[in-house]
Every structure is written in C-alpha cells, then in structure tokens.
Amino acid sequence: MDHGMPGPQGPAALARLVAETDWAATPLGPQLHWPLALRLAVDLILASRFPMLVMWGEERAMVYNAGYAAILGARHPAALGRPVDEVWPELRGQLGPLISRTYAGEALWFEDLEMEVARNGHPERAWFTFSYSPLRDALGVVRGLLNTVVETTDRVLAQRALAEREAELERRVQERTAELMRAEQALRHSEKLQAMGQLTGSLAHDFGNVLQVVDSGMHLLSAEGLTPEERQQVTEGVGASLDNARRMIRQLLAFARQQPLEPVAFDLSARIGGMTELLRHSLGRGIRLETALAEGLPAVTLDPAQLETAILNLVMNARDAMPQGGRLRLATGLAGGRPCLTVADDGEGMPPEVMARLFEPFFTTKPAGKGTGLGLAQVHGFVTQSGGDVRVDSAPGQGTSFTLVF
C-alpha cells in the first residue's frame, strides 16, 4: 500500500479538504445543493476512522474519509468527486456489476475478495473485505451506496505463507516418516538375516546330531549278532531322533508363520484337562501341577496340535526354571471377555533384560545343548498368528506367568 501519498491524510485534514473542495466542478455539484441523505452519509464517514466511501448519483462520484484515502494512495486527493470508474479503471469489470446490484437495492458483503490494483507504478494483487449498502433519498429511491472496506492483503499473504510453511513441514514430516520406515525395514531385514545365520548354525548342529544317530543306527542294524532286544533299542533310538527333528521343523515353521494352521472350534478348558496327565509325567515328581479350569467359556478356534505344542513349551520352560521343585499352575478364564490360558510357576523368574528378548528366535539362557531357543518363539508365533496375544509377568525370585489370550 502506498503511504507516500500527496495531500491531507488525517481525519481533520481530510474534513477540511472536503469542505474546501470546489464541488461545483464535479458531478456532485455545490455542497449547498446536496441532498440530505448525501450530506448525512458524508458526515458519517468523515467522523469514522474506519475506511469508508460514498458513491452518489448516476456517475457514481466518490467522497471518502482519511481511512479510505490511505487505500487510494497516490490517487488521493484527485479522486474526490470523481466517478469510481475513472478512479479505479482496472476494477471496472469486477466492481461494476456489484455496484449495479447495490444501486438496484441489494446490500452486499465480501470477505477477502481478490483484486488487481494499479499502484506503486505497477499492477498488484490485493485483497479486501468490504460491504456495499444502498443509500436512498427522501423518496426512498436508491441514489448511491455506502462502502465500508478494509484491505486484508497483509493478513491473506501471512495466512498463505503460514499454510505454505505448514505444507512444507508436513512434507518434511512425511519424508522423515518414510525414511524412518525404510530404516525400520532395513533393521528388520538385518535382524532377519542375523536370525537366519543363527538358524543355519543351529540347524547344522542339531540335524548333524540327528544324522549321526541315524547313521550309527543303520550301521548297528546291519551288523550281525544283534539280539532282538538290541535291534529294538537301536530302532527306537533312531525313531526318537527323527521325531526330534520333525518337532524342530514344526517349531521353525510355526515361528516363521509359514506353516498353515488347521483351526477347529473346541472347549479350551476341556482340551487342557485332557493334557494334565501327560503334563504331570513331563514335570517329574518334584513339581506339583495345579489346575483351575473355568467352565462355560466361549469356544476357541485354534489349531489344537499347535496349542498343545505351545503348552508343552511353556511347561518345559517352567520345569527348567524350578530345578529344586515347586508349583506349576494352569488356569483358564476370561481376559477382556476373551478366553485365556495362564501358565504360572514359582521358579527363578526373569530380569528385564531377559524379558526384553524373550521371544527372539534362538535366544536362550540355558546351557549349551539344553535348549534351541525356539520354544517361546513358537508360542508367540502361534498365538499371534491365531489372532491373540501373549502377556508375561516375571521378576527375579518371584516366578513367571504367561497368559495366552485368544
């Protein structure tokens, strides 16, 4: 906006200028002949510090106050008494229809209307919020209009700059998020490669043992002089070794979530109740097995073989955590309205650093040769693949509790 305008600028100076202007040389004619409605409108705008303009007559001649003079810039004071089309020729096409509507009796209001005005020696885009109100003479005929206007260019440009900054910030956030996602994927890929390396070594060792047992068994079976009892023992040893290999493969596939599940609907408490005798034999004499199996639970839809494998893995881990004996408790119930199974022991418990890696494949705190580190990974893989989750509560010296929620 051009503030370096010639002519009076303050309200008092503008009022003096209006009083001293030779209005007879304008379409409005001498002030003494102005209609009462025009004189009242001019007095109103001159007393206001708000930018205001009066257009009057068919020529739409302009009278304005100091606030509007600031908007006119270098067009002031020559604009006093001149038709609006001469003062703002570049806006004729945009404002002309609006002025005609107001002269027809319609009151108009616009917010942040964009215009291109000629000022400071070149066209500029500017924004205005303004209203047009009809001015009527004593007979009620519309003879002019009252224009209240505020230039909002600075605010509009500030809002647009803010929106651009917000868009740029959002773009940067999206780029950063994409970078973090790529980094996370790379990390997961790295962890997967590490797990595959561990898997290779573990499988090579474990299956090497299986092959050694099978190879030794084949040589023994081909030897002469074996009694039927000895031959039976060798055959059973080879079979047990092969069964162990099959179990490891099932655990690996379940952990990798590549083994298709075969879910069926059944009663969780009844299924676990049918396993208690087997579990007691697996635990040995030093550990007491207690059960609290709720009745009337909603049926679960799970792969029963995988469930039994998961329970056996949890029971074996509990047994190893109680080398001096103890108590193991199996309980079924509801957690958040969903069937659940809790396997709790009063064994050694786990510190936070162990719990943080609990479900990592091949992670184990057991001595070499005492565990593959796949048992809990199988539990976690099976439960999550089945749409459930695993909750763990443990502390050193306070035992461990696993809750499988289905």
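Bear in mind these aren't lab numbers, they're just calculated from the coordinates by the rules spelled out. Since this is a predicted model, take the numbers as computed values, not measurements. FYI the Cβ positions are ideal-geometry reconstructions off the backbone, even for glycines, and counts take in every protein chain you see.
Amide H to amide H, which residues 5 or more places from residue 288 or on other chains are under 5 Å from it, using H placed in the peptide plane?
Answer set, sorted by chain and number: 326, 327, 328.
Kindly provide log₁₀ I(q)/I(0) values, in the same order as q = 0.22 Å⁻¹, from the Debye equation applied to equal alpha-carbon scatterers of region 266-337.
Log10 I(q)/I(0), no solvent term: -1.01.
Going by amide H atoms built from the backbone, whose H comes under 5 Å of the H on residue 335, apart from near neighbours?
The answer is 340.
For a Förster distance of 56 Å, can you work out the FRET efficiency between the beta-carbons of residue 110 and residue 335, rounded to the nearest 0.05?
E(calc), rounded to 0.05, equals 0.35.
All other residues with a Cβ under 14 Å from the Cβ of residue 10 taken together, and with Lys, Arg as +1 and Asp, Glu as -1, what is their net charge?
Details: positive: 16, 49; negative: none.
Result for the local shell: +2.
Remind me, relative contact order of region 11-151 in percent, using alpha carbon pairs under 8 angstrom and six or more residues apart?
23 percent
So, in nm, how far is label residue 305 from label residue 280 when the simple model puts each one 7 Å beyond its Cα toward the Cβ?
It works out to 2.8 nm between the two label points.
Per residue of region 265-279, in order, report the coupling 6.51 cos²θ - 1.76 cosθ + 1.60 (Karplus, θ = phi - 60°) as ³J(HN,Hα) in whole Hz, putting x for Gly and Pro.
Couplings: 8, 7, 8, 4, 5, 5, 5, 6, x, x, 9, 4, 5, 4, 5 Hz.
Using θ = phi - 60° and the Karplus relation 6.51 cos²θ - 1.76 cosθ + 1.60, list the HN-Hα couplings for region 397-406 in order, rounded to whole Hz, with x at every Gly or Pro.
Coupling constants for region 397-406: x, 10, x, 9, 10, 10, 10, 9, 9, 10 Hz.
In nm, to one decimal, how far is the modelled label at residue 265 from the one at residue 154, with both set 7 Å along Cα→Cβ?
About 7.2 nm separates the two model spin labels.
Could you give the alpha-carbon Rg of region 89-142 over 2.2 N^0.38 Å, rounded to two decimals?
Values: Rg = 13.7 Å, N = 54, 2.2 N^0.38 = 10.0 Å.
Normalised Cα radius of gyration, region 89-142: 1.36.
Given Cα pairs under 8 Å that are at least 6 residues apart, what percent is the relative contact order of region 273-339? Write out the running numbers ahead of the final one.
On the way: 55 pairs, mean separation 34.4, N = 67.
Normalised by residue count, the contact order of region 273-339 is 51 percent.
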